Amino acid sequence: MSGVNEIRSAFLDYFKKNGHEVVASSPLVPRNDPTLMFTNAGMVQFKNVFTGLESRPYSTAATSQKCVRAGGKHNDLDNVGYTARHHTFFEMLGNFSFGDYFKERAIELAWNLLTRDFGIDKNRLLVTVYHTDDDAFELWRKIAGLPESKIIRIPTNDNFWAMGDTGPCGPCSEIFYDHGDHIWGGPPGSAEEDGDRFIEIWNLVFMQFEQTAEARLDLPRPSIDTGMGLERIAALLQGQHDNYDIDLFRRLITASEDATGVPAEGKNRASHRVIADHLRSSAFLIADGVLPSNEGRGYVLRRIMRRAMRHAQLLGARDPLMYRLLPTLVAEMGRAYPELQRAEAMISETLKLEETRFRKTLERGLSLLDEASADLGQGDRLDGETAFKLYDTYGFPLDLTQDALRQRGVEVDTEGFSAAMERQKAEARKHWSGSGDAAAEAIWYEIRDKVGATDFLGYDTESAEGVI
Ligand code: ATP
Ligand code: MG
Ligand code: MG
Ligand code: MG
């Protein structure tokens, strides 16, 4: 049985054998796109190649791309721990054609890899096509020999990809695996498609149009962009339904069990999963230069780290936990991603420092939360004032509070939360007597808005160290 590291290599070798240039993953902080929070797909590093702004010495490529989907348009943070198939950090395997081959070859390459090289049972596979994409429909019949019932036409944007309001775009075709009727869920396009029975493994994007402000034109040289989750294909190849049961996650979860002495069973299972997942995203983000802070990318990282830390606390960990699991992650992934090895000491320190600081207020915050929500049950809402106090005084990101209440079906009044935050800002302005210097005041407000209300470290005795 192949481990994750072998499966990644097998994918890249297959495409190399088929004439593709193997290109390294780009960093998680996109270099060429300030509007994108994190790299969230394999095509990100090739955006300018697809639009023709940039050229490369190859016309086809394959990558295993580090991705984070924990903010912005694609946000899977709330799924982690609750679905079998979502991570905040994952690797996207992809092959790309820049005006070289198109639909037919793309389908052929994907189908042959899955069914021949990987030996996946054809009868369990089904695909979707965009409802008007007759070419793709016919090609799936011809190349894969799939019956019409297993080529599902989807009319929604799920099967039509676009880079933005303008630019390259086109229909896509996704490959799903049916794990069997013992698992809840329905085929794509059905009402139960969000279940975990039919798992999407590979998305093939056929970039064939250019959308301008006026019209949708045919691209003279259509291109291909594909993405397959390494952890999802690994689950299949290892005979597992759940991504968290693959070799890599088992080792991380075992490390977490050993360090806490709590087995990953019953209600504790989700906590171990969240910890394993969030350890990966935190470590890889720090390795790529993101540090926990109170705004932007750094705040997303802080939210991820603190959420994991709450779960560590739930498992009864008395001391900082995350940094102790890091050596296992580096042992598993450090060869494929040497930046992880290079940054190990720094990641370790950052995790330890953040957890040490957060633990001081975490416990007090949690008991406040327990008190305030003691009488709440399914369908009730925690008031926004309390959620804001947890945020402002105890450093609880809003999503941490939401996650803490989720298992009991309790929601948070997010409007009340925002209102409380606004009130605090207005209050701060009122008490600012001002220097009479309008420009200096404007700067003060800007800084205050950025860090003031969220800077819970102000209550921390170690705040002299500043915000890391
Ligand atoms: P899903 O519908 O399951 O959320 P998606 O349609 O959002 O997936 P794509 O944007 O098409 O995913 O990304 C291409 C592939 O990357 C998916 O087919 C899947 O294998 C993988 N993938 C996407 N999101 C995640 C995630 N959060 N964790 C692990 N793998 C993922
Ligand atoms: Mg998704
Ligand atoms: Mg999908
Ligand atoms: Mg998809």
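The values are calculated or read from the model by the stated rules, or taken from the named source; none is laboratory data. Note that the coordinates shown come from a computational prediction; the quantities given were computed from them, not determined experimentally. Neighbour counts run over all protein chains shown; Cβ positions are idealised from the backbone, glycine included.
Observations on the model:
- Segment 182-231: number of residues that are among the hydroxyl-bearing types (Ser, Thr, Tyr), within 14 Å of ligand 1 (Cβ to nearest atom) and in contact (Cβ under 8 Å) with a residue 60 or more places away in the chain: 1
- Pair list, Cβ under 8 Å, 6 or more apart: segment 312-335 residue at positive phi and in a loop (DSSP other than H, G, I, E, B), other residue at pLDDT below 95 and of a type in the set (S, T, N, Q): none
Every residue, every condition in (1) of a type outside the set (D, E, K, R); (2) more than 17 Å from Arg216 (Cβ to Cβ), yes or no:
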position: Lys122; (1), (2): no, yes
position: Leu126; (1), (2): yes, yes
position: Asp135; (1), (2): no, no
position: Gly164; (1), (2): yes, no
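- Taking segment 66-96 as the range and being surrounded by fewer than 23 Cβ atoms within 10 Å (Cβ to Cβ) and either away from ligand 1 (no atom under 15 Å from the Cβ) or of a type in the set (Val, Ile, Thr) (or both) as the test, only Thr83 passes.
- Residue among Ser64, Ser59 that is away from ligand 4 (no atom under 16 Å from the Cβ), hydroxyl-bearing (Ser, Thr, Tyr), more than 13 Å from the chain's Cα centre (by Cα) and under 21 Å from Val4 (Cβ atoms): Ser64
- Being touching a helix residue (DSSP H, G or I) at 6+ places or on another chain (Cβ under 8 Å) and either more than 23 Å from Gln424 (Cα to Cα) or at pLDDT 95 or above (or both) holds for only one residue in Glu339, Glu295, and it is Glu339.
- Only one of Glu231, Glu200 that is in contact with a strand residue (DSSP E or B) (Cβ under 7 Å, 6 or more places away or on another chain), closer than 21 Å to Ser149 by Cβ and either buried (at least 17 other Cβ atoms within 10 Å of the Cβ) or not aromatic (Phe, Trp, Tyr) (or both): Glu200
- Among the numbered conditions (1) part of a strand (DSSP E or B); (2) at pLDDT below 95; (3) out of contact with any Cys (no Cβ under 8 Å at 6 or more places or on another chain), the only one that Glu210 does not meet is (3).
- Taking (1) in a helix (DSSP H, G or I); (2) closer than 30 Å to Asp403 by Cα; (3) not small (Gly, Ala, Ser) in turn, Gln45 satisfies each apart from (2).
- Per-region count, segment 342-356, residues in a helix (DSSP H, G or I) and touching a helix residue (DSSP H, G or I) at 6+ places or on another chain (Cβ under 7 Å): 9
- Filter result (part of a loop (DSSP other than H, G, I, E, B) and within 16 Å of ligand 3 (Cβ to nearest atom)) within segment 53-79: Arg69, Lys73, His74, Asp76
- Some residue of segment 43-52 being within 16 Å of ligand 3 (Cβ to nearest atom) and buried (at least 23 other Cβ atoms within 10 Å of the Cβ): yes
- For segment 60-107, the set of residues classified as in contact with a strand residue (DSSP E or B) (Cβ under 7 Å, 6 or more places away or on another chain) and polar (S, T, N, Q) consists of Thr60, Thr63, Ser64, Gln65, Thr88, Asn95, Ser97, listed by residue number.
- The sole residue among Arg269, Arg232, Arg221, Arg273 that is in a strand (DSSP E or B) and of a type in the set (Lys, Arg) is Arg221.
- Identity of the residue in segment 167-181, more than 9 Å from ligand 1 (Cβ to nearest atom) and of a type in the set (Asp, Glu), that ends up nearest to Gly94 (Cα to Cα): Asp178
- Of all residues making up segment 238-253, the number that are surrounded by fewer than 19 Cβ atoms within 10 Å (Cβ to Cβ), out of contact with any His (no Cβ under 9 Å at 6 or more places or on another chain) and in contact (Cβ under 8 Å) with a residue 24 or more places away in the chain: 5
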